[in-house]
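A.B. asks: Structure below; questions to follow.
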Number of protein chains: 2
Amino acid sequence: MVEPKSTRQKSKTQDQHIYEEIFDAILEQRLWPGTRLKEESLGEIFGVSRTIIRRTLSRLAHERVAVFEPNRGAFVAEPDVSDARQILDARRLMELAIVERVAERASSIKDEFKKLYDLIEQEHKSSAAADKGTAIRLSGEFHLELARLSGNKPLEGFLHSLVPQTSLIIALYQAKEGSRCAIDEHSRLLDALKLGDAEEAKRLMGEHLDHIEERLALDESPGNRNLAKVFGRRTEKAGA
Amino acid sequence: MVEPKSTRQKSKTQDQHIYEEIFDAILEQRLWPGTRLKEESLGEIFGVSRTIIRRTLSRLAHERVAVFEPNRGAFVAEPDVSDARQILDARRLMELAIVERVAERASSIKDEFKKLYDLIEQEHKSSAAADKGTAIRLSGEFHLELARLSGNKPLEGFLHSLVPQTSLIIALYQAKEGSRCAIDEHSRLLDALKLGDAEEAKRLMGEHLDHIEERLALDESPGNRNLAKVFGRRTEKAGA
DNA sequence: GACTGAAAAATTGTATACAATCTGCTCATC
DNA sequence: GATGAGCAGATTGTATACAATTTTTCAGTC
(Lines give C-alpha, C1' and ligand atoms only; values in the text may rest on other atoms or scores of the structure.)
Protein backbone atom coordinates (compact mmCIF):
# COMPACT_ATOMS: atom_id res chain seq x y z
CA MET A 1 0.00 0.00 0.00
CA VAL A 2 2.38 2.67 -1.12
CA GLU A 3 0.07 4.97 -3.00
CA PRO A 4 -3.63 5.30 -3.58
CA LYS A 5 -4.14 3.32 -6.72
CA SER A 6 -7.33 4.85 -8.02
CA THR A 7 -9.19 8.10 -8.15
CA ARG A 8 -11.66 6.78 -5.65
CA GLN A 9 -9.27 6.33 -2.80
CA LYS A 10 -8.76 10.06 -2.78
CA SER A 11 -12.45 10.70 -2.32
CA LYS A 12 -12.36 11.47 1.39
CA THR A 13 -9.29 13.65 0.99
CA GLN A 14 -10.70 15.31 -2.10
CA ASP A 15 -13.88 16.22 -0.28
CA GLN A 16 -11.93 17.52 2.67
CA HIS A 17 -9.75 19.60 0.40
CA ILE A 18 -12.63 21.33 -1.35
CA TYR A 19 -14.37 21.87 1.95
CA GLU A 20 -11.30 23.44 3.52
CA GLU A 21 -10.70 25.64 0.52
CA ILE A 22 -14.16 27.16 0.88
CA PHE A 23 -13.90 27.18 4.65
CA ASP A 24 -10.63 29.12 4.51
CA ALA A 25 -12.01 31.53 1.95
CA ILE A 26 -14.78 32.34 4.39
CA LEU A 27 -12.40 32.68 7.34
CA GLU A 28 -10.22 35.01 5.31
CA GLN A 29 -13.29 36.93 4.20
CA ARG A 30 -12.53 36.44 0.54
CA LEU A 31 -15.99 34.89 0.32
CA TRP A 32 -18.54 37.42 1.46
CA PRO A 33 -21.90 36.73 3.13
CA GLY A 34 -24.57 36.35 0.48
CA THR A 35 -22.19 35.20 -2.23
CA ARG A 36 -23.79 32.73 -4.54
CA LEU A 37 -22.11 29.34 -4.67
CA LYS A 38 -22.87 28.05 -8.14
CA GLU A 39 -22.44 24.32 -8.38
CA GLU A 40 -21.09 24.04 -11.87
CA SER A 41 -18.57 26.87 -11.41
CA LEU A 42 -17.21 25.25 -8.28
CA GLY A 43 -17.13 21.90 -10.05
CA GLU A 44 -15.01 23.33 -12.82
CA ILE A 45 -12.66 25.04 -10.38
CA PHE A 46 -11.99 21.87 -8.44
CA GLY A 47 -12.25 19.50 -11.37
CA VAL A 48 -15.10 17.39 -10.05
CA SER A 49 -18.72 16.87 -10.89
CA ARG A 50 -21.63 18.59 -9.22
CA THR A 51 -22.15 15.48 -7.10
CA ILE A 52 -19.07 16.22 -5.05
CA ILE A 53 -19.69 19.95 -4.87
CA ARG A 54 -23.23 19.33 -3.78
CA ARG A 55 -22.03 17.14 -0.92
CA THR A 56 -19.62 19.84 0.20
CA LEU A 57 -22.28 22.52 0.01
CA SER A 58 -24.65 20.37 1.98
CA ARG A 59 -22.01 20.00 4.67
CA LEU A 60 -21.52 23.76 4.76
CA ALA A 61 -25.26 24.22 4.93
CA HIS A 62 -25.51 21.83 7.82
CA GLU A 63 -22.89 23.89 9.63
CA ARG A 64 -24.94 27.00 8.85
CA VAL A 65 -22.07 28.53 6.94
CA ALA A 66 -24.04 28.26 3.73
CA VAL A 67 -27.75 28.29 3.09
CA PHE A 68 -29.74 26.46 0.43
CA GLU A 69 -32.60 28.32 -1.13
CA PRO A 70 -34.92 25.86 -2.86
CA ASN A 71 -34.38 25.76 -6.61
CA ARG A 72 -32.09 28.77 -6.36
CA GLY A 73 -28.96 27.19 -5.01
CA ALA A 74 -26.53 27.74 -2.17
CA PHE A 75 -25.33 31.06 -0.78
CA VAL A 76 -22.83 32.01 1.86
CA ALA A 77 -24.93 32.57 4.97
CA GLU A 78 -25.92 36.06 6.10
CA PRO A 79 -26.66 35.77 9.80
CA ASP A 80 -29.07 38.48 10.91
CA VAL A 81 -28.68 40.30 14.20
CA SER A 82 -30.68 37.73 16.11
CA ASP A 83 -28.64 34.89 14.61
CA ALA A 84 -25.47 36.77 15.45
CA ARG A 85 -26.41 37.13 19.10
CA GLN A 86 -27.22 33.44 19.37
CA ILE A 87 -24.02 32.42 17.65
CA LEU A 88 -21.88 34.63 19.88
CA ASP A 89 -23.69 33.39 22.96
CA ALA A 90 -23.08 29.79 21.95
CA ARG A 91 -19.51 30.54 21.09
CA ARG A 92 -18.78 32.08 24.48
CA LEU A 93 -20.23 29.07 26.19
CA MET A 94 -18.10 26.76 24.08
CA GLU A 95 -14.87 28.69 24.33
CA LEU A 96 -15.04 28.93 28.11
CA ALA A 97 -15.78 25.23 28.39
CA ILE A 98 -12.94 24.43 26.03
CA VAL A 99 -10.44 26.59 27.87
CA GLU A 100 -11.48 24.94 31.11
CA ARG A 101 -10.85 21.50 29.67
CA VAL A 102 -7.53 22.42 28.12
CA ALA A 103 -6.35 23.85 31.43
CA GLU A 104 -7.34 20.66 33.20
CA ARG A 105 -5.35 18.55 30.78
CA ALA A 106 -2.47 21.01 30.50
CA SER A 107 0.12 18.86 32.23
CA SER A 108 -0.62 15.76 30.19
CA ILE A 109 -0.61 17.44 26.78
CA LYS A 110 2.24 19.90 27.22
CA ASP A 111 3.92 18.74 24.01
CA GLU A 112 0.85 19.56 21.99
CA PHE A 113 1.05 23.25 22.82
CA LYS A 114 3.71 23.70 20.18
CA LYS A 115 1.24 24.25 17.36
CA LEU A 116 -0.42 27.03 19.35
CA TYR A 117 2.89 28.85 19.67
CA ASP A 118 3.52 28.36 15.97
CA LEU A 119 0.14 29.83 15.17
CA ILE A 120 0.79 32.89 17.32
CA GLU A 121 4.12 33.38 15.62
CA GLN A 122 2.50 33.16 12.20
CA GLU A 123 -0.14 35.60 13.39
CA HIS A 124 2.58 38.08 14.23
CA LYS A 125 4.17 37.64 10.85
CA SER A 126 1.03 38.10 8.79
CA SER A 127 0.03 41.01 10.97
CA ALA A 128 3.40 42.63 10.33
CA ALA A 129 2.98 42.00 6.62
CA ALA A 130 -0.44 43.63 6.83
CA ASP A 131 -1.88 40.41 5.40
CA LYS A 132 -5.24 40.86 7.01
CA GLY A 133 -6.97 37.84 5.47
CA THR A 134 -4.33 35.42 6.67
CA ALA A 135 -4.25 37.06 10.08
CA ILE A 136 -7.96 36.56 10.55
CA ARG A 137 -7.78 32.97 9.42
CA LEU A 138 -4.90 32.21 11.77
CA SER A 139 -6.81 33.69 14.64
CA GLY A 140 -9.66 31.32 13.87
CA GLU A 141 -7.28 28.42 13.61
CA PHE A 142 -5.88 29.23 17.02
CA HIS A 143 -9.34 28.77 18.53
CA LEU A 144 -9.89 25.58 16.55
CA GLU A 145 -6.60 24.15 17.74
CA LEU A 146 -7.58 24.95 21.32
CA ALA A 147 -10.82 23.09 20.74
CA ARG A 148 -8.86 20.11 19.50
CA LEU A 149 -6.74 20.15 22.64
CA SER A 150 -9.85 20.10 24.80
CA GLY A 151 -9.95 16.40 24.01
CA ASN A 152 -13.67 16.56 23.39
CA LYS A 153 -14.57 15.81 19.78
CA PRO A 154 -18.20 16.92 19.93
CA LEU A 155 -17.21 20.29 21.38
CA GLU A 156 -14.48 20.57 18.78
CA GLY A 157 -16.95 19.84 16.01
CA PHE A 158 -19.42 22.37 17.28
CA LEU A 159 -16.82 25.12 17.54
CA HIS A 160 -15.73 24.22 14.05
CA SER A 161 -19.08 25.49 12.81
CA LEU A 162 -19.19 28.50 15.14
CA VAL A 163 -15.82 29.91 14.07
CA PRO A 164 -16.65 30.54 10.41
CA GLN A 165 -20.07 31.79 11.43
CA THR A 166 -18.34 34.33 13.65
CA SER A 167 -16.27 35.31 10.66
CA LEU A 168 -19.44 36.04 8.71
CA ILE A 169 -20.77 38.11 11.60
CA ILE A 170 -17.61 40.16 11.69
CA ALA A 171 -17.79 40.66 7.95
CA LEU A 172 -21.35 41.93 8.26
CA TYR A 173 -21.31 43.91 11.47
CA GLN A 174 -17.80 44.97 12.37
CA ALA A 175 -17.84 48.72 12.88
CA LYS A 176 -14.40 49.47 14.34
CA GLU A 177 -11.26 47.99 12.96
CA GLY A 178 -9.52 45.65 15.37
CA SER A 179 -6.06 46.44 16.59
CA ARG A 180 -3.74 43.49 16.72
CA CYS A 181 -4.24 43.19 20.47
CA ALA A 182 -5.95 39.92 19.68
CA ILE A 183 -2.57 38.31 19.16
CA ASP A 184 -1.34 39.44 22.56
CA GLU A 185 -4.55 38.13 24.05
CA HIS A 186 -3.94 34.75 22.46
CA SER A 187 -0.45 34.84 23.83
CA ARG A 188 -1.45 35.63 27.39
CA LEU A 189 -4.21 33.05 27.25
CA LEU A 190 -1.73 30.41 26.22
CA ASP A 191 0.56 31.31 29.13
CA ALA A 192 -2.27 30.86 31.60
CA LEU A 193 -3.24 27.56 30.00
CA LYS A 194 0.29 26.24 30.17
CA LEU A 195 0.22 26.84 33.91
CA GLY A 196 -3.08 25.02 34.15
CA ASP A 197 -4.69 28.13 35.59
CA ALA A 198 -8.26 27.53 34.47
CA GLU A 199 -9.80 30.53 36.19
CA GLU A 200 -7.32 32.99 34.74
CA ALA A 201 -7.59 31.40 31.31
CA LYS A 202 -11.36 31.66 31.39
CA ARG A 203 -11.15 35.28 32.46
CA LEU A 204 -8.79 36.05 29.59
CA MET A 205 -10.93 34.20 27.07
CA GLY A 206 -13.99 36.06 28.30
CA GLU A 207 -12.22 39.38 27.81
CA HIS A 208 -10.98 38.30 24.41
CA LEU A 209 -14.53 37.58 23.31
CA ASP A 210 -15.72 40.84 24.85
CA HIS A 211 -13.24 42.71 22.70
CA ILE A 212 -14.43 40.97 19.56
CA GLU A 213 -18.06 41.78 20.37
CA GLU A 214 -17.29 45.36 21.32
CA ARG A 215 -16.20 46.05 17.78
CA LEU A 216 -19.54 44.93 16.37
CA ALA A 217 -22.55 47.12 15.73
CA LEU A 218 -25.32 44.69 16.58
CA ASP A 219 -27.90 47.24 17.60
CA GLU A 220 -30.89 47.26 15.33
CA SER A 221 -31.03 51.03 15.14
CA PRO A 222 -32.12 52.61 11.85
CA GLY A 223 -28.66 53.83 10.96
CA ASN A 224 -27.73 50.19 10.67
CA ARG A 225 -25.01 49.10 8.31
CA ASN A 226 -26.68 46.03 6.91
CA LEU A 227 -29.22 47.52 4.54
CA ALA A 228 -29.64 44.44 2.43
CA LYS A 229 -30.95 42.60 5.45
CA VAL A 230 -33.19 45.43 6.53
CA PHE A 231 -35.00 45.23 3.23
CA GLY A 232 -34.80 41.46 3.08
CA ARG A 233 -33.00 41.44 -0.24
CA ARG A 234 -30.22 39.33 -1.58
CA THR A 235 -26.77 40.76 -2.16
CA GLU A 236 -26.25 38.57 -5.24
CA LYS A 237 -22.56 38.64 -5.92
CA ALA A 238 -21.13 36.41 -8.61
CA GLY A 239 -19.88 33.08 -7.37
CA ALA A 240 -16.26 32.72 -8.51
CA MET B 1 -50.50 28.39 -3.96
CA VAL B 2 -52.87 25.88 -2.50
CA GLU B 3 -50.89 22.73 -2.87
CA PRO B 4 -47.39 21.77 -3.92
CA LYS B 5 -47.77 21.23 -7.62
CA SER B 6 -44.84 18.95 -8.34
CA THR B 7 -42.85 16.21 -6.76
CA ARG B 8 -39.97 18.57 -6.32
CA GLN B 9 -41.65 20.95 -3.96
CA LYS B 10 -41.83 18.12 -1.45
CA SER B 11 -38.08 17.64 -1.55
CA LYS B 12 -37.27 19.42 1.68
CA THR B 13 -40.15 17.76 3.47
CA GLN B 14 -39.33 14.40 1.95
CA ASP B 15 -35.75 14.61 3.15
CA GLN B 16 -36.88 15.67 6.58
CA HIS B 17 -39.34 12.80 6.76
CA ILE B 18 -36.78 10.13 5.94
CA TYR B 19 -34.30 11.70 8.31
CA GLU B 20 -36.79 11.77 11.16
CA GLU B 21 -37.87 8.22 10.50
CA ILE B 22 -34.31 7.00 10.96
CA PHE B 23 -33.71 9.44 13.81
CA ASP B 24 -36.75 8.14 15.68
CA ALA B 25 -35.78 4.54 15.04
CA ILE B 26 -32.48 5.27 16.74
CA LEU B 27 -34.10 7.10 19.64
CA GLU B 28 -36.49 4.19 20.14
CA GLN B 29 -33.58 1.78 19.88
CA ARG B 30 -35.17 -0.15 17.06
CA LEU B 31 -31.99 0.60 15.14
CA TRP B 32 -29.05 -0.79 17.03
CA PRO B 33 -25.48 0.56 17.05
CA GLY B 34 -23.52 -1.08 14.27
CA THR B 35 -26.52 -1.76 12.08
CA ARG B 36 -25.70 -1.47 8.44
CA LEU B 37 -27.66 1.14 6.53
CA LYS B 38 -27.82 -0.16 3.00
CA GLU B 39 -28.60 2.56 0.52
CA GLU B 40 -30.72 0.62 -1.92
CA SER B 41 -32.82 -1.02 0.81
CA LEU B 42 -33.58 2.33 2.36
CA GLY B 43 -34.33 3.75 -1.06
CA GLU B 44 -36.90 1.05 -1.71
CA ILE B 45 -38.47 1.51 1.70
CA PHE B 46 -38.97 5.22 1.24
CA GLY B 47 -39.56 5.11 -2.50
CA VAL B 48 -36.69 7.35 -3.52
CA SER B 49 -33.39 6.91 -5.28
CA ARG B 50 -30.05 6.43 -3.62
CA THR B 51 -29.33 10.12 -4.17
CA ILE B 52 -31.80 11.12 -1.51
CA ILE B 53 -30.84 8.35 0.88
CA ARG B 54 -27.21 9.23 0.50
CA ARG B 55 -27.92 12.83 1.45
CA THR B 56 -29.78 11.69 4.54
CA LEU B 57 -27.00 9.32 5.53
CA SER B 58 -24.45 12.03 5.06
CA ARG B 59 -26.42 14.26 7.39
CA LEU B 60 -26.58 11.49 9.98
CA ALA B 61 -22.85 10.95 9.55
CA HIS B 62 -22.18 14.60 10.09
CA GLU B 63 -24.14 14.41 13.33
CA ARG B 64 -22.07 11.37 14.30
CA VAL B 65 -25.16 9.22 14.52
CA ALA B 66 -23.99 7.20 11.56
CA VAL B 67 -20.52 6.44 10.29
CA PHE B 68 -19.34 5.98 6.71
CA GLU B 69 -16.76 3.30 6.11
CA PRO B 70 -15.11 3.87 2.74
CA ASN B 71 -16.50 1.59 0.06
CA ARG B 72 -18.42 -0.33 2.70
CA GLY B 73 -21.27 1.99 3.38
CA ALA B 74 -22.94 3.60 6.35
CA PHE B 75 -23.50 2.08 9.77
CA VAL B 76 -25.25 3.24 12.88
CA ALA B 77 -22.47 4.65 15.05
CA GLU B 78 -20.97 2.64 17.90
CA PRO B 79 -19.45 5.19 20.27
CA ASP B 80 -16.64 3.64 22.28
CA VAL B 81 -16.13 4.39 25.97
CA SER B 82 -13.99 7.41 25.28
CA ASP B 83 -16.53 8.78 22.79
CA ALA B 84 -19.27 8.16 25.31
CA ARG B 85 -17.52 10.15 28.03
CA GLN B 86 -16.98 13.07 25.65
CA ILE B 87 -20.56 13.01 24.45
CA LEU B 88 -21.95 12.93 27.98
CA ASP B 89 -19.61 15.71 29.03
CA ALA B 90 -20.72 17.85 26.10
CA ARG B 91 -24.32 17.01 26.75
CA ARG B 92 -24.17 18.09 30.38
CA LEU B 93 -22.61 21.36 29.38
CA MET B 94 -25.34 21.93 26.81
CA GLU B 95 -28.27 20.89 28.95
CA LEU B 96 -27.25 23.14 31.84
CA ALA B 97 -26.77 26.07 29.48
CA ILE B 98 -30.13 25.39 27.87
CA VAL B 99 -31.97 25.14 31.15
CA GLU B 100 -30.38 28.41 32.24
CA ARG B 101 -31.59 30.12 29.08
CA VAL B 102 -35.08 28.69 29.28
CA ALA B 103 -35.39 29.83 32.89
CA GLU B 104 -34.30 33.33 31.92
CA ARG B 105 -36.94 33.53 29.21
CA ALA B 106 -39.59 31.73 31.24
CA SER B 107 -41.91 34.68 31.70
CA SER B 108 -41.89 35.65 28.03
CA ILE B 109 -42.52 32.18 26.64
CA LYS B 110 -44.98 30.82 29.16
CA ASP B 111 -47.42 29.76 26.44
CA GLU B 112 -44.83 27.58 24.81
CA PHE B 113 -44.52 25.33 27.84
CA LYS B 114 -47.64 23.50 26.79
CA LYS B 115 -45.82 21.07 24.55
CA LEU B 116 -43.55 20.10 27.43
CA TYR B 117 -46.55 19.21 29.58
CA ASP B 118 -48.01 17.24 26.70
CA LEU B 119 -44.78 15.33 26.30
CA ILE B 120 -44.69 14.46 30.00
CA GLU B 121 -48.25 13.24 29.81
CA GLN B 122 -47.45 11.09 26.81
CA GLU B 123 -44.43 9.78 28.66
CA HIS B 124 -46.68 8.66 31.50
CA LYS B 125 -49.01 6.93 29.08
CA SER B 126 -46.39 5.01 27.18
CA SER B 127 -44.68 4.13 30.44
CA ALA B 128 -47.96 2.76 31.77
CA ALA B 129 -48.42 0.81 28.55
CA ALA B 130 -44.91 -0.57 28.97
CA ASP B 131 -44.08 0.83 25.55
CA LYS B 132 -40.41 1.25 26.26
CA GLY B 133 -39.35 2.42 22.82
CA THR B 134 -41.85 5.25 22.72
CA ALA B 135 -41.05 6.21 26.29
CA ILE B 136 -37.36 6.59 25.48
CA ARG B 137 -38.10 8.61 22.38
CA LEU B 138 -40.44 10.93 24.24
CA SER B 139 -37.81 11.50 26.87
CA GLY B 140 -35.42 12.57 24.15
CA GLU B 141 -38.05 14.80 22.61
CA PHE B 142 -38.57 16.50 25.95
CA HIS B 143 -34.93 17.53 25.98
CA LEU B 144 -35.08 18.64 22.36
CA GLU B 145 -38.14 20.77 23.03
CA LEU B 146 -36.32 22.39 25.95
CA ALA B 147 -33.46 23.15 23.60
CA ARG B 148 -35.88 24.78 21.21
CA LEU B 149 -37.25 26.94 23.99
CA SER B 150 -33.75 28.14 24.85
CA GLY B 151 -34.14 30.43 21.86
CA ASN B 152 -30.63 29.60 20.69
CA LYS B 153 -30.62 27.76 17.37
CA PRO B 154 -26.97 26.72 17.40
CA LEU B 155 -27.35 25.18 20.85
CA GLU B 156 -30.55 23.50 19.73
CA GLY B 157 -28.83 22.08 16.69
CA PHE B 158 -25.93 20.75 18.70
CA LEU B 159 -28.18 19.07 21.25
CA HIS B 160 -30.08 17.57 18.35
CA SER B 161 -27.01 15.56 17.53
CA LEU B 162 -26.13 14.75 21.16
CA VAL B 163 -29.51 13.27 22.02
CA PRO B 164 -29.47 10.36 19.56
CA GLN B 165 -25.81 9.78 20.36
CA THR B 166 -26.80 9.42 24.01
CA SER B 167 -29.40 6.94 22.89
CA LEU B 168 -26.69 4.86 21.26
CA ILE B 169 -24.58 5.04 24.40
CA ILE B 170 -27.46 3.81 26.50
CA ALA B 171 -28.07 0.99 24.04
CA LEU B 172 -24.45 -0.06 24.30
CA TYR B 173 -23.60 0.50 27.93
CA GLN B 174 -26.72 0.56 30.06
CA ALA B 175 -26.26 -1.94 32.87
CA LYS B 176 -29.20 -1.29 35.17
CA GLU B 177 -32.69 -0.81 33.90
CA GLY B 178 -34.03 2.68 34.53
CA SER B 179 -37.08 3.13 36.69
CA ARG B 180 -39.55 5.64 35.40
CA CYS B 181 -38.25 8.25 37.83
CA ALA B 182 -37.02 10.10 34.77
CA ILE B 183 -40.56 11.25 34.10
CA ASP B 184 -40.92 12.69 37.58
CA GLU B 185 -37.58 14.39 37.11
CA HIS B 186 -38.81 15.98 33.92
CA SER B 187 -41.89 17.08 35.73
CA ARG B 188 -40.07 18.70 38.63
CA LEU B 189 -37.62 20.34 36.26
CA LEU B 190 -40.48 21.87 34.35
CA ASP B 191 -41.99 23.26 37.55
CA ALA B 192 -38.73 24.98 38.45
CA LEU B 193 -38.43 26.36 34.93
CA LYS B 194 -41.93 27.76 34.99
CA LEU B 195 -40.99 29.72 38.10
CA GLY B 196 -37.87 30.98 36.35
CA ASP B 197 -35.73 29.42 39.07
CA ALA B 198 -32.56 28.85 37.07
CA GLU B 199 -30.43 27.56 39.93
CA GLU B 200 -32.95 24.96 41.00
CA ALA B 201 -33.58 23.93 37.40
CA LYS B 202 -29.87 23.48 36.79
CA ARG B 203 -29.56 21.44 39.97
CA LEU B 204 -32.41 19.19 38.89
CA MET B 205 -31.04 18.80 35.38
CA GLY B 206 -27.65 17.92 36.81
CA GLU B 207 -29.19 15.24 38.98
CA HIS B 208 -31.23 13.96 36.07
CA LEU B 209 -28.10 13.51 34.01
CA ASP B 210 -26.32 11.93 36.99
CA HIS B 211 -29.04 9.33 37.16
CA ILE B 212 -28.72 8.52 33.49
CA GLU B 213 -24.97 8.15 33.80
CA GLU B 214 -25.20 6.10 36.98
CA ARG B 215 -26.98 3.38 35.07
CA LEU B 216 -24.16 3.04 32.58
CA ALA B 217 -21.19 0.72 32.85
CA LEU B 218 -18.52 2.87 31.29
CA ASP B 219 -15.58 1.34 33.12
CA GLU B 220 -13.23 -0.42 30.79
CA SER B 221 -12.88 -3.45 33.02
CA PRO B 222 -12.55 -6.86 31.37
CA GLY B 223 -16.00 -8.00 32.41
CA ASN B 224 -17.30 -5.35 30.10
CA ARG B 225 -20.60 -5.82 28.35
CA ASN B 226 -19.60 -4.60 24.94
CA LEU B 227 -17.68 -7.57 23.61
CA ALA B 228 -18.00 -6.65 19.96
CA LYS B 229 -16.11 -3.45 20.65
CA VAL B 230 -13.49 -5.18 22.77
CA PHE B 231 -12.58 -7.38 19.83
CA GLY B 232 -13.02 -4.60 17.31
CA ARG B 233 -15.54 -6.52 15.24
CA ARG B 234 -18.61 -5.41 13.45
CA THR B 235 -22.03 -6.49 14.66
CA GLU B 236 -23.38 -6.67 11.11
CA LYS B 237 -27.11 -6.80 11.47
CA ALA B 238 -29.28 -6.67 8.40
CA GLY B 239 -30.41 -3.20 7.48
CA ALA B 240 -34.20 -3.32 7.37
C1' DG C 1 -13.02 -30.93 6.36
C1' DA C 2 -10.22 -26.51 6.25
C1' DC C 3 -7.87 -23.45 3.22
C1' DT C 4 -6.86 -20.84 -1.14
C1' DG C 5 -7.96 -18.23 -5.00
C1' DA C 6 -10.55 -16.82 -8.81
C1' DA C 7 -14.95 -15.66 -10.74
C1' DA C 8 -19.65 -13.80 -9.77
C1' DA C 9 -22.70 -10.94 -7.26
C1' DA C 10 -23.58 -7.12 -4.54
C1' DT C 11 -22.63 -2.54 -3.12
C1' DT C 12 -20.66 1.87 -3.01
C1' DG C 13 -18.75 6.23 -5.36
C1' DT C 14 -18.92 9.45 -9.17
C1' DA C 15 -20.48 11.35 -13.37
C1' DT C 16 -24.03 12.27 -16.32
C1' DA C 17 -28.82 12.68 -18.26
C1' DC C 18 -33.05 14.59 -17.85
C1' DA C 19 -36.90 17.02 -15.68
C1' DA C 20 -38.50 20.95 -12.93
C1' DT C 21 -37.81 25.52 -11.84
C1' DC C 22 -36.13 30.03 -11.97
C1' DT C 23 -34.16 34.21 -14.49
C1' DG C 24 -33.86 37.34 -17.93
C1' DC C 25 -34.94 38.96 -22.27
C1' DT C 26 -37.99 40.29 -26.15
C1' DC C 27 -41.76 42.25 -27.81
C1' DA C 28 -46.62 43.34 -28.04
C1' DT C 29 -49.85 46.33 -25.69
C1' DC C 30 -51.37 50.29 -23.46
C1' DG D 1 -41.91 54.86 -21.79
C1' DA D 2 -43.91 51.49 -18.52
C1' DT D 3 -46.09 46.97 -18.06
C1' DG D 4 -46.64 42.26 -18.56
C1' DA D 5 -46.95 37.75 -21.25
C1' DG D 6 -44.22 34.38 -23.05
C1' DC D 7 -40.35 32.21 -24.81
C1' DA D 8 -35.07 30.93 -24.34
C1' DG D 9 -31.27 30.04 -21.47
C1' DA D 10 -29.33 28.92 -17.18
C1' DT D 11 -29.48 26.37 -12.91
C1' DT D 12 -30.98 23.25 -9.59
C1' DG D 13 -33.02 18.57 -8.08
C1' DT D 14 -33.44 13.68 -8.82
C1' DA D 15 -32.73 9.40 -11.05
C1' DT D 16 -29.92 6.53 -13.45
C1' DA D 17 -25.67 4.59 -15.71
C1' DC D 18 -21.29 3.07 -15.12
C1' DA D 19 -16.80 2.28 -12.77
C1' DA D 20 -14.32 0.85 -8.57
C1' DT D 21 -14.42 -1.88 -4.70
C1' DT D 22 -15.87 -5.24 -1.50
C1' DT D 23 -18.21 -9.48 -0.35
C1' DT D 24 -19.77 -13.92 -1.42
C1' DT D 25 -19.64 -18.23 -3.76
C1' DC D 26 -17.62 -22.24 -5.14
C1' DA D 27 -14.18 -25.07 -7.20
C1' DG D 28 -9.90 -27.21 -6.47
C1' DT D 29 -6.14 -28.60 -3.42
C1' DC D 30 -3.99 -30.30 0.54
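The values are calculated or read from the model by the stated rules, or taken from the named source; none is laboratory data. Remember, it's a predicted structure, so these values are computed and weren't measured experimentally. As a convention, Cβ positions derive from the backbone with ideal geometry for all residues, glycine included, and neighbour counts pool all protein chains shown.
A.B. asks: Does the stretch B:16-26 contain at least one residue that is in a helix (DSSP H, G or I), facing chain A (nearest Cβ under 10 Å) and closer than 26 Å to A:Leu60 by Cα? Break it down stepwise before answering.
C.D. replies: Let us first name the residues in the stretch B:16-26 that are in a helix (DSSP H, G or I), namely B:16-26.
Still in the running and facing chain A (nearest Cβ under 10 Å): none.
No, the stretch B:16-26 has no match at all.
A.B. asks: Would the stretch B:133-153 turn up any residue that is among the acidic types (Asp, Glu), under 17 Å from B:Phe23 (Cβ atoms) and either touching a residue at least 24 places away in the same chain (Cβ under 8 Å) or in a helix (DSSP H, G or I) (or both)? Explain how you work it out, then say what you get.
C.D. replies: Residues of the stretch B:133-153 among the acidic types (Asp, Glu): B:141, B:145.
Restricting the remaining residues to those that are under 17 Å from B:Phe23 (Cβ atoms) gives B:141, B:145.
Still in the list and also either touching a residue at least 24 places away in the same chain (Cβ under 8 Å) or in a helix (DSSP H, G or I) (or both): B:141, B:145.
Yes, because at least one residue in the stretch B:133-153 is among the acidic types (Asp, Glu), under 17 Å from B:Phe23 (Cβ atoms) and either touching a residue at least 24 places away in the same chain (Cβ under 8 Å) or in a helix (DSSP H, G or I) (or both).
Rundown of residues vs (1) within 10 Å of chain A (Cβ to nearest Cβ); (2) closer than 30 Å to A:Ile53 by Cβ; (3) touching a strand residue (DSSP E or B) at 6+ places or on another chain (Cβ under 8 Å), yes/no style:
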{"site": "B:Pro33", "(1), (2), (3)": "no, no, yes"}
{"site": "B:Ile45", "(1), (2), (3)": "no, yes, no"}
{"site": "B:Arg59", "(1), (2), (3)": "yes, yes, no"}
{"site": "B:Arg91", "(1), (2), (3)": "yes, no, no"}
{"site": "B:Val99", "(1), (2), (3)": "no, no, no"}
{"site": "B:Ser107", "(1), (2), (3)": "no, no, no"}
{"site": "B:Lys110", "(1), (2), (3)": "no, no, no"}
{"site": "B:Leu119", "(1), (2), (3)": "no, no, no"}
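A.B. asks: Shifting gears a bit: Go through (1) within 13 Å of chain B (Cβ to nearest Cβ); (2) under 22 Å from B:Pro154 (Cβ atoms); (3) more than 7 Å from DNA strand D (Cβ to nearest atom) one by one and return the number of the condition A:Phe68 breaks.
C.D. replies: Condition (3) is where A:Phe68 drops out.
A.B. asks: If only one of A:Leu209, A:Leu190, A:Leu216, A:Leu227 is modelled with pLDDT under 95 and either within 22 Å of the chain's Cα centre (by Cα) or surrounded by 15 or more Cβ atoms within 10 Å (Cβ to Cβ) (or both), which one is it?
C.D. replies: On the way: A:Leu209 fails: modelled with pLDDT under 95; A:Leu190 fails: modelled with pLDDT under 95; A:Leu227 fails: either within 22 Å of the chain's Cα centre (by Cα) or surrounded by 15 or more Cβ atoms within 10 Å (Cβ to Cβ) (or both).
Residue meeting the stated conditions: A:Leu216.
A.B. asks: Quick test of your reading of the structure: A:Arg50 fulfils all but one of (1) within 11 Å of chain B (Cβ to nearest Cβ); (2) without any contact (Cβ under 8 Å) to a residue 24 or more places away in the chain. Name the failing condition by number.
C.D. replies: Every listed condition holds for A:Arg50 apart from (1).
A.B. asks: Could you grab me the full set of residues in the stretch B:184-203 that are under 15 Å from B:Ala97 (Cα atoms) and free of Cβ contacts under 8 Å to residues at least 24 places away in the same chain?
C.D. replies: Selection gives B:Glu199, B:Glu200, B:Arg203.
A.B. asks: Specify which of the listed residues (A:Leu37, A:Leu27, A:Leu42) is within 14 Å of DNA strand C (Cβ to nearest atom) and in contact with a helix residue (DSSP H, G or I) (Cβ under 7 Å, 6 or more places away or on another chain).
C.D. replies: A:Leu42
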